[in-house]
There are 2 protein chains.
Amino acid sequence: MTYPWPDEGTPIDAISTPMPVIDEDRLAANILRAQSYLDGHGKAFRPHIKTHKIPAIARQQLQAGAIGINCQKVSEAEVFADAGFDDILITYNILGAAKLSRLKALNARIGQLSVVADSAATIAGLAGTFNAERPLSILVECDTGGKRCGVQAPEAVLELAEKIVAAPGLHFKGILTYPAPGGAEKVESFIRETMALLAEKGIDCPVRSSGGSPDFFSAHLVPSATEHRAGTYVYNDRSMLRAGHCTAGDLAMHVLATVVSKPTADRAVLDSGSKALTSDLLGFSDYGLIEGYEGAKIISLSEEHAVVDLSGCVSGRPEIGDVVKVVPNHTCVVSNLFDRMVFHRNGIVTRVEDVAARGTVW
Amino acid sequence: MTYPWPDEGTPIDAISTPMPVIDEDRLAANILRAQSYLDGHGKAFRPHIKTHKIPAIARQQLQAGAIGINCQKVSEAEVFADAGFDDILITYNILGAAKLSRLKALNARIGQLSVVADSAATIAGLAGTFNAERPLSILVECDTGGKRCGVQAPEAVLELAEKIVAAPGLHFKGILTYPAPGGAEKVESFIRETMALLAEKGIDCPVRSSGGSPDFFSAHLVPSATEHRAGTYVYNDRSMLRAGHCTAGDLAMHVLATVVSKPTADRAVLDSGSKALTSDLLGFSDYGLIEGYEGAKIISLSEEHAVVDLSGCVSGRPEIGDVVKVVPNHTCVVSNLFDRMVFHRNGIVTRVEDVAARGTVW
C-alpha cells in the first residue's frame, strides 16, 4: 500500500501526521522580500537549494530574479541539471575519481558550473580532470570566522588562485565565504585585502560570494561582495525567528503533529519525533515551537515521539487527538526526511512536490 | 543520472562518501547473541524494525528465533506485511479515521496484529473501528519510569483493560512498557501489581512486554516479562558501546566519510554532516567516533560538513582525501536518511538492500 498524498483542494486538517506543510503565500513573500532586498543593494542572489531540494521552488526563485542556484553535492546538482537549471554553483570541495568524473560530465552539459576549492589537494584533483576544451570555474573558499572550510588568509587565496590560473582546465572565478553570524566587517576586510593581493598579480576576481540566512539582511554591510547565497530564508524556521530575520507571519513551514498520549496532566506526547523534526537544536534547549500553546515545551524526542511539558502553558492545553502545528528549529533537515512536500494556501492543499534531490547520496 | 550502487564484490573503499555500511558478520553475531540470551532466559524476542527498516534483516531475526516483529507506524507495518511478515506489533497509539481505516485493512490480511493503547480516547477509536468478526489485539502501555507514553499506575491498566474486554472488536492481550534505563526493579513490581489486579477481575494477561537495547542484557532481571523488544542491538552504535551493551567489535554500522578540507593543522572537515549522521547526541557532547584516530572529536555538524578538532589526536591525523569510518552516536536515525543500505564482509560488498520502510509517512 502507498500513502494517499492529498489532492489539490484537500484541507490540511485531513492530512495524516506527522507531516510538514508549506504555506504558498508565505513562501512567495519570503522569496520576493529577499530578492528585493538584494536587488536594492545591487547584489546578485544565488539561493541554496539544500533547504527545499525541489526544482519547482528553485524556478520561483529564478523567476523572482535569482541569477542561478547553489547546491552542496554533485548529485543534487545533477537533479537540478536534469530539471533544466543551467547555472549551478556547488559550494563543496569535490574529491575522488568517482565524483570528479560525474562533475566533468555535469560541466559538459550545463551552461555555467562552478565549484569551490580550499586546498592544493582539491585543486590538483580538479586540474587533473578538466581541460581547456571545457574548463571548470573555481571559487576559492575563505574562512572569515565561520570555522568550517576555507583558507585562513588572503595570502593563501593568492597561492591557490595562482595554481588555478596555471591549470589549463580551470578558470579562476573569484572567492567565496560562509561567514560567522555578525561577521560582516571581517568578511569585507578579507575580500578587500584578497582583491588587492590578486590585483597586484593581475588576477581578476569578478565574483565575491558571501552567504547565510541568519545575517541575510546585513548583506549590504559587505559592499565588496557581489553575490549572496542563502537557503533557509525560503521557508524560515524557529532559528530565523530568533535571529530576527523573520516574523512569525513569515514561517512558511509547519510540521503537523497529533497528540497521541497524555499520560499526566503536565505531559503530552506528539507523533513528531526525531524522524520528523530531527534533533537539531541550533542553540535552543527544546525541539520546536508549538503554535497556539504558549509555554508548552518539547523537552525530548525519541524517534516517533515528542514529549511536551505542559506545566508552563499560559492558556489552553492540547488534548489527545488534537492536531498541532510545530515550527521546527531547523527547516532544511526536516525537508531531508520527507520524499514529498505538501503545499497549501489558507489550509487548502495546492500541490504536492517531490523532494527531488533528497536521498541523492553524494 | 542515478547513483551507481556498488555491485557485490566491490571494495567498500571504492564507495562514494558519505555512506553507511553494515558488516555482515557483526550483524549476524549481534542477532545470534541477543536471541541466545533471551532464549536462555525463556523470553520471547520481538525485534523492533525501526533500526533497519529492511525486510531481509527482519527475516534473519526471525530465522534466529524471534517470534515476530515490532513496528512503530502503520505504514511501516504495511511494508513488512507486503514482505510476508505475519506477526506484527505496532507500539503506538493509533488515532484518527485515516490511520484506523488502514489499521483495519492490515488486521484483515495478516495472522497476528497487535497495537498498544494508553488512554480511553485511543481505545474508543479502536473499539469503534474493529468488530467481533476480526478483532484487534491490544496491549495497554505502561509508564514504568521512561516518562514517555503509558498509564501511570496498575489501577489505570485495569480500567483500560476493562474497556478493552468490554469492546466486541478488541482483545486484551497484555501489557507493555518501554522502561527507563536501569528500571528493571520498577518494571517487575509494576507488572506483578498489575497482574494481581487483573487476576482479581478474572482478566488474563498472557503477554508482558518490556523492551530497549540499552538494558538488553538485564532483561532477565524482569522475570515477569514474557517478551522483550529491541532495535538498536542489531547494528549497535556509540551509545550502545557507552552503555556496555556491546564492544567495539560488535559495531556493525560505520559511516564512511572523506576528509574534504583541512583549513588548519587542528581542524579537519568530513563530508558526513547532519544529513548523514543526524544531530542526535544521546548524551554525548560530540557527533560520533572516528575509528583509528583516537582523540579526534567531531565538534560540530552542519548539513553536509562535520568539523573535527584534531588537537587531542593521540597518534596520526587524517589528511585531505582520506576516507575514515565514523561510528554514529545513534544508528536508527542514520538508517532513516538513506534509501538503500550497503552491506559488506571484510570490506567487500555483499549486497545492497532497500531501506523499504524509510519515508513511509504515517
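Quick notes on this one:
- Percentage, to the nearest whole number, of Cα pairs in chain B over 29 Å apart: 45
- Cα point-scatterer Debye curve for the protein assembly as shown, base-10 log of I(q)/I(0) at q = 0.08, 0.10 Å⁻¹: -0.64, -0.98
- For the range A:177-257, the convex hull spanned by the alpha carbon atoms encloses 89 Å³ per residue.
- Across the range B:259-320, C-alpha contacts under 8 Å between residues 6 or more apart give a mean separation that, scaled by the residue count, equals a relative contact order of 38 percent.
- Identity and axial distance of the chain A residue whose Cβ lies nearest the axis relating A to B, Å: A:279, 2
- In the elastic network of chain B, a GNM with C-alpha springs shorter than 10 Å, the most mobile of B:263, B:328, B:168 is B:263.
- Euclidean distance of C-alpha centroids, the range B:71-120 and the range A:228-249, integer Å: 38
- For the range A:1-66 and the range B:137-183, distance of Cα centres in Å: 43
- Structure note, pairs A:275/B:104; A:325/B:99; A:275/B:186; A:275/B:325; A:53/B:275; B:147/B:275: Cα-Cα distances above 21 angstrom occur for A:275/B:104; A:275/B:186; A:275/B:325; B:147/B:275.
- Annotation for residue A:189, label-to-label distances across the other copies: 6.4 nm (shortest first, one decimal, point 7 Å from Cα along Cα→Cβ).
- Fewest-first sequence of A:142, A:71, B:205, B:246 by Cβ atoms within 10 Å of each Cβ: B:205, B:246, A:71, A:142
- Separation in nanometres of the label points that stand 7 Å from Cα toward Cβ, at residue B:224 and residue A:133: 7.8
- Label spacing, shortest first and in nm, from residue B:63 to its equivalents in the remaining copies (7 angstrom along Cα→Cβ): 5.3
- Length gained on full extension, residue B:124 to residue B:285, computed as 0.36 nm times the residue gap minus the Cα-Cα distance: 53.6 nm.
- Taking B:341, B:195 and counting other C-beta atoms within 10 Å, the order from fewest to most: B:195, B:341
- Relative contact order (%) - chain A, alpha-carbon pairs under 8 angstrom, separation at least six: 21
- Across all directions, the average projected area of the convex hull around the alpha carbons of the range A:186-306 is 9.7 nm².
- Distance (nanometres) between label positions extended 7 Å along Cα→Cβ at residue A:186 and residue B:25: 4.8
- Shielding of A:117-123 by partner chains, average beta-carbon count, 10 Å: 4
- What separates the residue A:109 label point from its copies, with the point 7 Å along Cα to Cβ, is 3.7 nm, written shortest first.
- At 0.890 mPa s and 25 °C, Stokes diffusion of the range B:81-216 via Kirkwood alpha-carbon radius, µm² per second: 162
- Residues A:327, B:74 in ascending order of nearby Cβ atoms (within 10 Å, fewest first): A:327, B:74.
- Three semi-axes describe the equivalent ellipsoid of the range B:258-342; taken as square roots of 5 times the Cα gyration tensor eigenvalues and ordered largest first, they are 21, 14, 11 Å.
- Helix content alone sets the calculated 222 nm mean residue ellipticity of chain B: runs of n ≥ 4 DSSP H residues at -39500 (n - 2.57) each, divided across all residues, give -8000 deg cm²/dmol.
No value in this document is a laboratory result; all are computed from the given coordinates. The structure presented is a predicted model; accordingly, all values stated were derived computationally and were not measured. Reconstructed Cβ throughout: ideal geometry from the backbone, glycine too, with neighbour counts over all protein chains shown.
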